[in-house]
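Engineer: Okay, handing you the structure first.
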Amino acid sequence: MPARIGVVTFPGSLDDRDAQRAVRLAGAEAVALWHGDADLRGVDAVVLPGGFSYGDYLRCGAIARFAAVMTTIVEQARQGLPVLGICNGFQVLCESHLLPGALTRNQHLHFVNRDQGLRVESTKTVWTSEYADGQEVVIPVKNGEGCFVADERTLDALEAEGRVVARYIGGNPNGSSRDIAGIANAAGNVVGLMPHPEHAIEDLTGPGTDGLTFFTSVLKSLVNA
Amino acid sequence: MTDTVDRATQTPDEEQPYLELGLKDDEYAKVKAILGRRPTQTELAMYSIMWSEHCSYKSSKVHLRQFGDGPKNERLLVGMGENAGVVDVGEGLAVTFKVESHNHPSYVEPYQGAATGIGGIVRDILTMGARPILVMDPLRFGDADHPDTKRVLPGIVAGIGGYGNCLGLPNIGGEVVFDPSYQGNPLVNALCLGVMPKSRIQLSAATGVGNVVVLLGAKTGRDGIGGVSVLASATFDADGPARRPSVQVGDPFMEKLLIEACLEMYDGGLVQGIQDLGGAGLTCALTETSAAGRSGMHAHLERIPLREASMEPHEVLASESQERMLAIVTPADLPAVLAIADKWGVLATAIGEVTEGDRLVVTWHDAVVVDVPPGSLADDGPVYQRPIERPADQDELAAHALPAYPAATKDLLLRMVASPNLCSRRWVVEQYDRVVMGDTVLAWPEDAGVVRLSEETNLGIALATDGNGRYTRLDPYAGAQLALAEAYRNVAATGAIPIAVTNCLNFGSPEDPAVMWQFAEATRGLADGCRDLGTPVTGGNVSFYNSTAGAAINPTPVVGVLGLLDDVTRRTPMGFTEAGLTVLLLGDTWDELGGSEWAWAEHRHLGGRPPAVDLLCEKALGEVLIAGARDGLLSAAHDLSDGGLAQALVESCLRHGVGARVSLPDGPAPFVELFSESAARCLVAVTGAHEAAVTALCAAHDVTCTRLGVTGGDALELTGLFTATLSELREAYEGTLPALFGPLAGATREAPAAPAL
């Protein structure tokens, strides 16, 4: 039986179908989860997709963290459930305090969408285990509020503990501290990533297939678990 | 005191401000004749809106009829007249698409004007039953370095991005053109395309006596009152920005919820008729649904959720508050409709019912404020045969001799590539989400956007918009056909078969006979061109009164062409993908620099004749490109248009960072070869293995095929003329817009090479 990976739809989620496609192409079953339903339907991992949950009103991700589904996700993430937050999902993870820091308005104040170079800095997480250490990949970035900030001590700790998952190379698209594109929690089961790996899964529609490895990595870790 | 029908009957001679509302004396008299009394205040507001130029097409109708006589096409499922045309694309799927203008609001309040332009066209597409899957935006601005362009352009771009990105619709292309004629009157055209199962097509007719009229979406406020009559149907004067209260304010989050809720209702078969609320708001939606259904309707205005409790009935009916839809549902389905709305957090209110007879009756509490035949508002508006006169300066313009041709130098090439109309649009396009939904196969800077419709079969569509105001100013008939030809060529260059056309006709004041001549000539040219190419016009939009302080814009018909690809994996990309490919020029180059980008960029010269139109040649070229893609013969194809061969070569090299060594053929002067804008031409790159087949294909279609050189290296080398390195070209091409509008983030990357075909 293939692994079952849930993709949450909040009101205003946009890349939810795209994340489901990535899950399917990686070889798992995609399970749609609804924001208002606390039941995770027994999924083995969860993706919080990109978009503008609740219109991004108040602050990106600030309302989504109070959704019924998030209560269960936060609880199970603390017990090891693999969770990947992409773009808006990353913002939700920070607002939920599963990850430190915050994502603020891009320094240049524009939304930016481009094919972005990244260096995978940690292969210790369940979402990046199949990458090579230091592997350089191209994955689209698209956000208006993707500038990762945290206090210096937190940034130092993230670096020291190997929790910086990916860094921007060839130009920082939003002004993120230390070119950080993604981070993990200490256990490595929760990852937040500003770029969109679900948009680099087919040669036909993306800059390549570099993003698919996020999804195959978690499948491998589920098999090995 | 509310002006009721009873009161109107009792006070027949009360003076009414019909002139201020934009109605002429004879139009007001006609209203009185229809009603057999004076209109109430609310009715007067409704007639002034529905009979405005924007809603009634009163100046353009007689010319637009030509499109209805266009080529018949078995793919056309719904033609002009509904909210958007619908085209059968096979596999049980239908596609609907349309382009519309939001010009004046975007000048007054750039961000919201442009944002709600996207919102409005998306609702048009949703109304047809389709899931919107992409947007495009043809834009025109004043001079790039004019101070007001620095206000208008960034706001418009941010508004389009802000709304479209938040809806999760990829923006797959568009245009950005600078010309002083758009100073004070930028053009913001927005195109949306949607897809649906054929069985899900929705229409606007309200039928079935006793059926319930449900208002979905946002609350109704005072925003946008007078949008169509004040902003869209009158010429701008100096106080443009003072009209800001007439601009609507958008909430894309609400629209996203509305889309999902409506689609779920359609899938459940719960909707008998549906109409979006756009320009003219509830007035338009109530009259058009009841007129289309040839039924009566009773609307209870006091049931409508308001943002401001003090609103008067005429304000409620005229409000252009965004993100609203009007659905007609059976009483039995009402609970299911309300439940779906509730699931998505969308307000849904039963505001009335379909009635016997043919009167639209609107009550405000217990008072009858409107009692009219809906057809008189929707269909019986005035129709004008406006005076037409060829502009006095038309001959002078044609006789205005071109400046002397220069030598073809590297400096000239770099200046042209960096000029505002030819330089990279990266600054604009990077602010749009181009990949959401995961089906974008090609987007800017490709010739046309290509989107996959089916993951199972790889069925897809291609779409391009084009329009050249300078060509159209020089010759409106030819200019409209050149716009059509270029969009057709762009679509064919990807390998798609062009099947249908939409248009947005942006012109000055119809009360100016010279403008009406331009309009008449352009519509005639477009109708003739569509007939010759076999591509029917499925719908579109007319935008008049694009003039400020008496000066009209260059007439700008924007033409969108839809193409079909059986298999999107066989699409042809525009850039050179690898070294060692043979570069071929398809088509013939003539000495045609009238209205060209060279004449404008180097000399601010507009005169002479635009390039000749030969639609048979366009069709033949299209057949070569389509067959070449189908048979996997073409590694790259890039159409030649503004800036000519020089621009096409530079863009093809920069796309993936692959240079080329090129020898210009013996013929006209190298300058003409490089910068002429002759139509019906395309640059292609082929592997050695396919060269003979492509040459034979061209011969079979009687298309001239000239071998120019080979790809490779890190420079564009023009044998015997000059060599420009790709980094020099990139610096020139990419530098202009960031220098004008501020840097975007980080370094720019070359696109990775497209995968082998």
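Engineer: Among the numbered criteria (1) more than 9 Å from every other protein chain (Cβ to nearest Cβ); (2) buried (at least 24 other Cβ atoms within 10 Å of the Cβ); (3) in contact with a strand residue (DSSP E or B) (Cβ under 7 Å, 6 or more places away or on another chain), which single criterion is violated by B:Tyr432?
Structural biologist: With (1) more than 9 Å from every other protein chain (Cβ to nearest Cβ); (2) buried (at least 24 other Cβ atoms within 10 Å of the Cβ); (3) in contact with a strand residue (DSSP E or B) (Cβ under 7 Å, 6 or more places away or on another chain) applied to B:Tyr432, the lone miss is (1).
Engineer: Could you check, for segment B:478-493, whether at least one of its residues is assigned to a loop (DSSP other than H, G, I, E, B) and in contact with a Lys or Arg (Cβ under 9 Å, 6 or more places away or on another chain)?
Structural biologist: no
Engineer: Please specify each residue of segment B:442-460 satisfying the condition of being touching a helix residue (DSSP H, G or I) at 6+ places or on another chain (Cβ under 7 Å) and either away from chain A (no Cβ under 13 Å) or assigned to a loop (DSSP other than H, G, I, E, B) (or both).
Structural biologist: Answer for segment B:442-460, where residues must be touching a helix residue (DSSP H, G or I) at 6+ places or on another chain (Cβ under 7 Å) and either away from chain A (no Cβ under 13 Å) or assigned to a loop (DSSP other than H, G, I, E, B) (or both): B:Trp444, B:Pro445, B:Asp447, B:Ala448, B:Asn458.
Engineer: While we're here: I'd like to know if segment B:674-685 contains one or more residues that are over 30 Å from B:Gln431 (Cβ atoms), hydroxyl-bearing (Ser, Thr, Tyr), modelled with pLDDT of 95 or more and surrounded by fewer than 18 Cβ atoms within 10 Å (Cβ to Cβ).
Structural biologist: No, the conditions are met nowhere in segment B:674-685.
Engineer: Looking at segment A:39-86, which of its residues are in a loop (DSSP other than H, G, I, E, B), touching a helix residue (DSSP H, G or I) at 6+ places or on another chain (Cβ under 6 Å) and not β-branched (Val, Ile, Thr)?
Structural biologist: A:Leu40, A:Asp44, A:Pro49, A:Gly50, A:Phe52, A:Cys60, A:Gly61, A:Ala62, A:Pro82
Engineer: Tell me yes or no: at least one residue of segment A:9-24 is of a type in the set (S, T, N, Q), within 14 Å of another protein chain (Cβ to nearest Cβ) and either open to solvent by less than 10 Å² (accessible area, probe 1.4 Å) or farther than 20 Å from B:Lys256 by Cα (or both).
Structural biologist: There is at least one residue in segment A:9-24 that is of a type in the set (S, T, N, Q), within 14 Å of another protein chain (Cβ to nearest Cβ) and either open to solvent by less than 10 Å² (accessible area, probe 1.4 Å) or farther than 20 Å from B:Lys256 by Cα (or both).
Engineer: Another question about this same structure. Looking at segment B:61-107, which of the residues that are at pLDDT 90 or above and of a type in the set (Val, Ile, Thr) is farthest from B:Arg140 (Cα to Cα)?
Structural biologist: Looking at the filtered set, the residue picked out is B:Val89.
Engineer: While we're looking at this one, here's another question. Return the total of residues in segment B:685-725 being closer than 18 Å to B:Thr572 by Cβ, in contact (Cβ under 8 Å) with a residue 24 or more places away in the chain and either in a strand (DSSP E or B) or not polar (S, T, N, Q) (or both).
Structural biologist: Of the residues in segment B:685-725, 14 are closer than 18 Å to B:Thr572 by Cβ, in contact (Cβ under 8 Å) with a residue 24 or more places away in the chain and either in a strand (DSSP E or B) or not polar (S, T, N, Q) (or both).
Engineer: Assigned to a strand (DSSP E or B), within 14 Å of another protein chain (Cβ to nearest Cβ) and farther than 16 Å from A:Asn143 by Cβ: does that describe A:Ala30?
Structural biologist: The answer is yes for A:Ala30.
Engineer: Moving on. Every residue in segment B:150-183 that is without any contact (Cβ under 8 Å) to a residue 60 or more places away in the chain and within 18 Å of B:Ala552 (Cα to Cα), please.
Structural biologist: Result: B:Pro180, single match.
Engineer: Can you tell me which residues in segment A:62-77 are touching a residue at least 12 places away in the same chain (Cβ under 8 Å) and open to solvent by 20 Å² or more (accessible area, probe 1.4 Å)?
Structural biologist: A:Arg65, A:Ala68, A:Thr71, A:Thr72, A:Val74, A:Gln76
Engineer: What about B:Tyr18, is it part of a loop (DSSP other than H, G, I, E, B) and over 26 Å from the mean Cα position of the chain (by Cα)?
Structural biologist: yes
Engineer: In addition: Out of the residues in segment A:117-134 that are away from chain B (no Cβ under 14 Å) and hydrophobic (A, V, I, L, M, F, W, C), state the one that is most open to solvent (accessible area, probe 1.4 Å).
Structural biologist: A:Ala132
Here is a yes/no grid of residues against (1) open to solvent by 40 Å² or more (accessible area, probe 1.4 Å); (2) touching a residue at least 40 places away in the same chain (Cβ under 8 Å); (3) more than 14 Å from the chain's Cα centre (by Cα):
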{"site": "B:Met80", "(1), (2), (3)": "yes, yes, yes"}
{"site": "B:Phe97", "(1), (2), (3)": "no, yes, no"}
{"site": "B:Ser106", "(1), (2), (3)": "no, yes, yes"}
{"site": "B:Glu109", "(1), (2), (3)": "yes, yes, yes"}
{"site": "B:Gly119", "(1), (2), (3)": "no, yes, no"}
{"site": "B:Asp124", "(1), (2), (3)": "no, yes, no"}
{"site": "B:Ala130", "(1), (2), (3)": "no, yes, yes"}
{"site": "B:Phe141", "(1), (2), (3)": "no, yes, yes"}
{"site": "B:Ala144", "(1), (2), (3)": "no, yes, yes"}
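Yes/no matrix, rows are residues, columns are (1) over 21 Å from A:Gly61 (Cβ atoms); (2) within 14 Å of chain B (Cβ to nearest Cβ); (3) not charged (D, E, K, R):
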{"site": "A:Leu155", "(1), (2), (3)": "no, no, yes"}
{"site": "A:Tyr168", "(1), (2), (3)": "no, yes, yes"}
{"site": "A:Val190", "(1), (2), (3)": "no, no, yes"}
{"site": "A:Ser221", "(1), (2), (3)": "yes, no, yes"}
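Engineer: Now for a separate question. For segment A:87-116, give me each residue that is more than 14 Å from chain B (Cβ to nearest Cβ), part of a loop (DSSP other than H, G, I, E, B) and within 16 Å of A:Ser177 (Cβ to Cβ).
Structural biologist: A:Leu99, A:Pro100, A:Gly101
Engineer: Hey, among the residues in segment A:135-156 that are among the small types (Gly, Ala, Ser) and either under 20 Å from A:Val190 (Cα atoms) or touching a residue at least 40 places away in the same chain (Cβ under 8 Å) (or both), which one's most open to solvent (accessible area, probe 1.4 Å)?
Structural biologist: First pass over segment A:135-156, keeping only residues among the small types (Gly, Ala, Ser): A:144, A:146, A:150.
Right, trim to either under 20 Å from A:Val190 (Cα atoms) or touching a residue at least 40 places away in the same chain (Cβ under 8 Å) (or both) and you get A:146, A:150.
On the way: A:Gly146: 1, A:Ala150: 28 Å².
Here the answer is A:Ala150.
Engineer: Let me ask something additional. Tally the residues that are more than 14 Å from chain B (Cβ to nearest Cβ), closer than 16 Å to A:Gln20 by Cβ and in contact with a helix residue (DSSP H, G or I) (Cβ under 6 Å, 6 or more places away or on another chain), restricting the search to segment A:192-218.
Structural biologist: Looking only at that region, the number is 2.
Engineer: Then there is this: From (1) of a type outside the set (Asp, Glu); (2) at pLDDT below 95; (3) open to solvent by less than 10 Å² (accessible area, probe 1.4 Å), pick out the condition that doesn't hold for A:Leu48.
Structural biologist: Exception for A:Leu48: condition (2).
Engineer: At least 3 residues that are in contact (Cβ under 8 Å) with a residue 40 or more places away in the chain and open to solvent by less than 10 Å² (accessible area, probe 1.4 Å) in each: list the helices (runs of 4 or more DSSP H) lying fully within segment B:276-362 that qualify.
Structural biologist: Once the helices (runs of 4 or more DSSP H) in segment B:276-362 are filtered for at least 3 residues that are in contact (Cβ under 8 Å) with a residue 40 or more places away in the chain and open to solvent by less than 10 Å² (accessible area, probe 1.4 Å), what remains is B:281-293, B:313-318.
Engineer: Let me ask something else about it. Answer yes or no: is there a residue in segment B:201-221 that is buried (at least 23 other Cβ atoms within 10 Å of the Cβ), in contact with a Ser or Thr (Cβ under 6 Å, 6 or more places away or on another chain) and part of a strand (DSSP E or B).
Structural biologist: Yes.
Engineer: If you don't mind, there's one more thing I want to ask. Could you tell me which residue of segment A:37-84 is nearest to the other protein chains (Cβ to nearest Cβ), considering only residues that are farther than 22 Å from B:Lys256 by Cα and basic (Lys, Arg)?
Structural biologist: In this case the residue turns out to be A:Arg41.
The values are calculated or read from the model by the stated rules, or taken from the named source; none is laboratory data. Predicted model only: the values in this text are computed from it and were never measured. Using ideal geometry, Cβ is built from the backbone for each residue, glycine included, and neighbour counts are taken over all protein chains shown. Just so you know, the surface numbers come from the protein's heavy atoms only, side chains and all, with ligands and any DNA or RNA stripped out. Shrake-Rupley method; radii C 1.70, N 1.55, O 1.52, S 1.80 Å.
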